[in-house]
Amino acid sequence: MDTVLAYLPIILKYLALVFVLAVGLSVLWVIGAYWRDKSQHDSALRRNYPVIARFRYLFEHLGEFFRQYFFAMDREEMPFNRAERSWVYRAAKDVDSTVAFGSTRDLRPAGTVFFANCAFPAMNEEEAEPGPVTIGPGARKPYTTSSIFNISAMSFGALSVPAVRALSMGAKKAGIWMNTGEGGLSPYHLEGGCDIIFQIGTAKFGVRKHEGGFDEEKLKAVAAHEQVRMFEIKMSQGAKPGKGGILPGVKVTPEIAQIRGIPVGESAISPNRHPEMHNVGDILDMVAYVRETTGKPTGLKMVVGDAEFFGELFAEVSRRGAESAPDFITLDGGDGGTGAAPMSLIDNMGMPLRESLPLLVDSLMHAGLRDRIKVIASGKLINPSEVAWAFCAGADFVNSARGFMFSLGCIQALQCNKNTCPTGITTHNKHLQRGLVPEAKADRVAHYAENMKKEICIIAHSCGVAEPRALRRKHARIVMRPGLSKSMAELWPDVTKG
């Protein structure tokens, strides 16, 4: 103690010196900022109100975070509100997801979906697990799975190494598939041992020649992996139909560049469509080429804008024969998400899934192809109610990307395109990645998928059916105006061939 007291005057002296230096540097910074603001020509606000105007930009940046935590109500935020995110967090942590007192969901706005409970709900002995479904029975290696809720397309590049690892391991634990996204197949996708859907984007990353187009040997090499179960040809994406994938140059590391076959540090901008596709015949030609080369089921991913497109596509299938059809169609809604997209597209382009999914299913029924082509719904489906609605509309499977990002710990910081994700999910900054431990997050991925299936089954049983794929349009009702709803079966009557 005496020693400390002896050195106290010296310590105080140095602290005072540090304080004086800090004040001096602050004064110098203010003077420098004042001079720069008065002399610059870019900002009228800073020129008229030097230094003080800088706080405006600070508060504007912090505003979105303060709104999320202090000002927005539980069901006000976009793209996902606090109530939606909270359910995912609880499901991923495998903790009690019940709520008390009453619902905070307003059932009055037009477009709200709720479900028609049955007077005689399914009892324990009548309940069933979702059964196996086979995709691509005509392929040399068909794919059979019982999963109903899977990981949607997110590429390595958009996601970090630990995020891909966690998703791969979690998918294996839950018995679901994982889509690679358009960035190619990385070792981290394979690491967990899960089933994989390989996506072929418009740039054909991972299976392309240097000058563009398919490299058949690379395509065969990907197909040689037993874990790669199917191939998905991406035509368009929910958040940016009409524009290809965007990976900012700051996220193109040497490893990502090597896997994609592109230069390091340069932004990867995919074409807005496959150069080989000019009409519906070309689409079927590419499906046939990939399926024949790989021997595995091959399908399409798309967003719908033109209601006549399905009629043209399925008419060409009918002309060629049912064996020419894609084995599945992943339908993305215009409300889907992305890591980077122009606001003009993300806000305005593409038909929402609520409208396009029944349209696709009905078009398949009209063409007599409903059993031949499986339907995968994707786009803002992260809670049991949205997923159950998709099954009512006629989906065979549901994919989610952002739901699984939340299960990894995403806080909707809206930093995906800046390489500054604070949770380590969408950044290649090693310091930020340290917070994401794949082994721990894999459990949360699996819990989320398992609890999702559990709660969709609860909805199905309340509607009186044994499992989610038995849900029909009559089980969902849509609010038309306050106090009045209609059965989905009235709005979208079931159709038969012709």
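Residue count for segment 163-208, restricted to those that are of a type in the set (Lys, Arg) and on the phi > 0 side of the Ramachandran plot: 1. From the list PHE205, PHE214, PHE149, the one residue that fits, being farther than 29 Å from GLY424 by Cα, surrounded by 17 or more Cβ atoms within 10 Å (Cβ to Cβ) and assigned by TED's automatic domain parsing to the domain that holds GLN258, is PHE214.
Across segment 408-459, the qualifying residues are those that are basic (Lys, Arg) and under 27 Å from VAL250 (Cβ atoms), and the one among them that is modelled with the lowest pLDDT is LYS418. When you scan segment 106-126, how many residues do you find that are under 18 Å from ILE456 (Cα atoms) and out of contact with any Phe, Trp or Tyr (no Cβ under 6 Å at 6 or more places or on another chain)? So the answer is 13.
The residue list VAL264, VAL280 contains one member that is without any contact (Cβ under 8 Å) to a residue 40 or more places away in the chain, closer than 24 Å to VAL164 by Cβ and of a type outside the set (Lys, Arg), which is VAL264.
What about MET405, is it assigned to a helix (DSSP H, G or I) and under 25 Å from CYS457 (Cβ atoms)? For MET405, the condition - assigned to a helix (DSSP H, G or I) and under 25 Å from CYS457 (Cβ atoms) - is met.
Summed over segment 315-334, the residues that are surrounded by fewer than 20 Cβ atoms within 10 Å (Cβ to Cβ) and at negative phi give a count of 8. Could you tell me whether VAL465 is under 21 Å from TYR188 (Cβ atoms), in contact (Cβ under 8 Å) with a residue 40 or more places away in the chain and assigned by TED's automatic domain parsing to the domain that holds VAL264? Criteria not met by VAL465. A count restricted to segment 447-461 and to residues that are free of Cβ contacts under 8 Å to residues at least 40 places away in the same chain and either buried (at least 23 other Cβ atoms within 10 Å of the Cβ) or in contact with a Lys or Arg (Cβ under 9 Å, 6 or more places away or on another chain) (or both) stands at 0. Looking at segment 39-145, the helices (runs of 4 or more DSSP H) lying wholly inside it that each contain 3 or more residues that are of a type outside the set (Asp, Glu), surrounded by 13 or more Cβ atoms within 10 Å (Cβ to Cβ) and modelled with pLDDT of 80 or more sit at 82-93.
Across segment 360-380, the qualifying residues are those that are modelled with pLDDT under 95 and within 24 Å of GLY170 (Cα to Cα), and the one among them that is surrounded by the most Cβ atoms within 10 Å (Cβ to Cβ) is GLY379. Among residues of segment 285-309 being of a type in the set (A, V, I, L, M, F, W, C) and within 22 Å of ASN179 (Cβ to Cβ), the one that is surrounded by the fewest Cβ atoms within 10 Å (Cβ to Cβ) is ALA288.
Here is the figure for segment 474-493: residues that are of a type in the set (D, E, K, R) and either surrounded by 21 or more Cβ atoms within 10 Å (Cβ to Cβ) or in a strand (DSSP E or B) (or both) total 3. In the set (1) more than 15 Å from the chain's Cα centre (by Cα); (2) under 30 Å from ALA92 (Cα atoms); (3) of a type in the set (Asp, Glu), the condition left unmet by GLU312 is number (2).
The values are calculated or read from the model by the stated rules, or taken from the named source; none is laboratory data. Predicted, not measured: the structure shown is a model, and the values here were computed from it. No Cβ is skipped: glycine too gets one built from the backbone with ideal geometry, and neighbour counts run over all protein chains shown.
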